[in-house]
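A short reminder: the numbers here are calculations on the coordinates, not readings from a lab. Just so you know, these numbers come straight off a predicted model, no measurement behind them. Cβ atoms come from the backbone with ideal geometry, glycine included; neighbour counts cover every protein chain shown.
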Amino acid sequence: MRTKKTTRAAQYAALAAYLVFLAFPFLWLISTAFKPARELGSLHPTWIPKDPTLENFRQAFDEQPLLQAAGNSLIAALSASLIAVVIATPMAYVMARHRNRVSKAATGWVVISQAFPFVLIIIPLFLILKNLHLINSLLGLIMVYVVWSLPFALWMLVGYVRAVPAELEEAAAVDGASKVRTFVSVVAPLLAPGIVATAMFAFITAWNEFFFALVLLKTPEKQTLPVILNRFIGTEGVADLGPLAAAAFLATIPSLVIFAIIQKRITGGMLAGAVKA
Amino acid sequence: MTLATATKRSAKKRAPGPGRTDHGAWFLVLPALIPILILSVGPLLYGIALAFTDSQSGRTEPTQWVGVLNFQDLLHDTLFWDSFRIGLLWAFGVTVPQFFLALGLALLLNQPLRMRWLARALAIIPWAMPEVVVGIMWRLVYHPDAGVLNETLSNFGLGEGKDWLTGTATALFAVIVVGVWAGMPQTTVALLAGLQNTPRELHEAAAMDGAGAWRRFRTVTWPAIKPIALAITALNFIWNFNSFALVYVLTQGGPGGRTRLPMLFAYEEAFRYGQFGYAAAMGCVMVAVISVILAFYLVGRLKGGDEA
């Protein structure tokens, strides 16, 4: 009985250590975002701002085109996630229900694509998009995001399709419905919650993406939020820490909100799905 | 469910509908297949081909095949091998602690503890954050004057004004800590899902037999989560080896190349110096290494399958 108690105590101590490790950088970010310049310059920074201010947020919007960048991110992430689920859902259905050559190859591609070093495909993509005059264009970026988010979208959706009872489709087949018809009127509606979760996940990954955007977008008017945030660092001085923290904090909020909504749904489907490659 | 699928499959085999079913399947697959072929498989092959050319940006004369010249140059490029070594150090340095920390957290979260929900919620934050923000956040933590780390350390009389990210001795270690922090949640969630699929009765039976905690872990828990643990570790290693954004934001590869991961090196080579062919060859070498790792993982998994 006593050993049980000490075990519990040790477990709580370990959990507390984890909580501190996980939380402290984020708390520090928030604290920095609300500190006035005077406190940021002090040699002994404090956890809680003595004189909390919104000045950093105002200054952040002055220094960089944050609103425009957020708009660009929104357009890219929204379009890419919608297109990705619209084209991935039928394919995921085939992959989950049919063991033919196409679905096997697709499954293999999903696995292998996790291992791509992106530099190997970004160079050719850069050349291709350049020839199509799609460098420094959101359209080019969206095309890349669609394909980039397909592997994990397929992965998640295949899981959701498997959870739909096959009897329903058999019944439709008996009634003489075609494959496409069965898919559209029987399977797709049942998949709706899974499709929404997948789209939200694709949205977050595109919203957060940095590498492709860094390579493909050249001018500040076209750049997405992560690229603009990175520009803050170039001009970093002690005085700029506040606006930097404020902008970084703001950029996180959409992802955190969406993640909080879909968190329960993704844990199952996400086991090996791509996250941040 | 399994039964239904089985019946369905055998039914399909018995009635090989001529064409119609397959046409339907093609119709469903094509919308995704075409973009995949054009924007993923195509560029990948194109990228491999580029590795055998002298392709450069902004050059007027046409690109030529140069055979294995790029690879020969790579062989003698000490900077590349430095970055390669750093990439492996980083990938090991992140993946191994990440796994053990995540396993510990997953085991804790699987216990009926009170603050569990909070830990779960917090574990999500690094996962949902843009890598650029994670990088910025840790720059603030590591900041020599305004950072919380030095302030905390100096309270214990240590590390006054230390610049973690620009010190040659500390930079790699500092970015590895960030890598562990950023990737721990996914690993935790994966392992937790594995733990929750472990039958409780097995644990209870083992406890009845008087097995201690370590024995129960070894004989019941570990076999149940081993496949997931192997898969997530192999994937983590590959993702870490290929990572870019986090370290780019934290150090840009500095100081003096101490944190220049292969991806950062290849990025600079391609998009700062315009050496497309050479950078593509680096990508090919990275693919080769990753394939070896994947092969190890697959062999490990097959062996695991034999034991089970």
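Here are some notes:
- Remark: relative contact order (chain B) = 27 percent; criterion is Cα-Cα distance under 8 angstrom and separation of 6 or more residues.
- Farthest positive-ward along segment A:1-158 dipole, Cα basis, beta-carbon charges - from A:65, A:132, A:148: A:148
- Three-way shape call for segment B:192-240 based on the alpha-carbon gyration tensor, with the a/c threshold at 1.5: prolate
- With both labels modelled 7 Å from their Cα along Cα-to-Cβ, the residue B:121 to residue A:137 distance reads 4.5 nm.
- Calculated FRET efficiency, residue B:200 to residue A:107, Cβ-Cβ distance, R0 = 22 Å: about 0.10 to the nearest 0.05.
- Here the Karplus relation 6.51 cos²θ - 1.76 cosθ + 1.60, evaluated at θ = phi - 60°, turns the backbone of segment B:280-287 into coupling constants of 5, 4, 4, x, 5, 4, 4, 4 Hz, with x for every Gly and Pro.
- Rounded, prolate or oblate (a/c below 1.5 giving rounded, otherwise prolate when a/b exceeds b/c) for chain B by Cα gyration tensor: oblate
- Prolate/oblate/rounded call for segment A:164-263, Cα gyration tensor, a/c under 1.5 rounded: prolate
- Residue of A:71, A:41, A:234 that the Gaussian network model of chain A assigns the largest fluctuation, springs spanning Cα pairs under 10 Å: A:234
- Alpha-carbon centroids, segment B:143-165 and segment A:1-57: separation in whole Å: 15 Å
- Label separation (residue B:173 vs residue A:174): 6.9 nm, computed from points 7 Å beyond Cα along the C-beta direction.
- Shown for A:198, B:60: other C-beta atoms within 10 Å of each C-beta, ranked fewest to most, produce the order B:60, A:198.
- A Cβ-based charge dipole, computed about the Cα centre of chain B with Lys and Arg at +1 and Asp and Glu at -1, lands at about 1480 debye.
- Mean separation of Cα contacts under 8 Å, 6 or more apart, over the residue count of chain A: relative contact order %: 32 percent
- Note on chain A: Lys pairs 8 or more places apart or on different chains, Cα atoms under 22 Å apart, count 5.
- Basic side chains Lys and Arg get +1 at the Cβ, acidic Asp and Glu get -1 at the Cβ, and with that the dipole of the protein assembly as shown about its Cα centre reaches some 2160 debye.
- Segment B:196-260 and segment A:108-137 have their alpha-carbon centroids 30 Å apart.
- Computed FRET value (nearest 0.05) for residue B:114 with residue B:49, which takes r as the C-beta separation and R₀ as 56 Å: 0.45
- Taken about its Cα centre, segment B:42-154 carries a charge dipole of roughly 740 debye when the Cβ of each Lys and Arg holds +1 and the Cβ of each Asp and Glu holds -1.
- Residue list for segment A:111-137, given a label point 7 angstrom along the Cα-to-Cβ vector of residue A:218 and an amide N cut-off under 20 Å: A:122-137
- A simple rule links phi to the HN-Hα coupling: the Karplus curve 6.51 cos²θ - 1.76 cosθ + 1.60 with θ = phi - 60°, which for segment A:93-101 gives 4, 5, 4, 6, 9, 10, 9, 9, 5 Hz, with x for Gly and Pro.
- ³J(HN,Hα), Karplus 6.51/-1.76/1.60, whole Hz, each residue of segment B:78-85, x for Gly, Pro: 5, 4, 5, 5, 4, 5, 5, 4
- Legend: ranking of residues B:152, A:53 from fewest to most surrounding C-beta atoms inside 10 Å; resulting order B:152, A:53.
- Listed residue (B:259, B:189, B:176) projecting farthest to the positive dipole end of chain B, Cβ model: B:189
- Dipole-positive endmost among A:54, A:200, A:95 within chain A (Cβ charges, Cα centre): A:95
- Footprinting exposure proxy for A:99, B:116 (fewest neighbouring C-beta atoms within 10 Å first): A:99, B:116
- Close amide H pairs (under 5 Å, H built 1.01 Å from N) link residue B:53 with B:66, residues at least 5 positions away or on another chain.
- Shown here is the pair-distance distribution of segment B:29-134: with all Cα-Cα distances grouped in 10 Å bins from zero up to the longest one, the shares run 11, 19, 23, 24, 15, 6, 1 percent.
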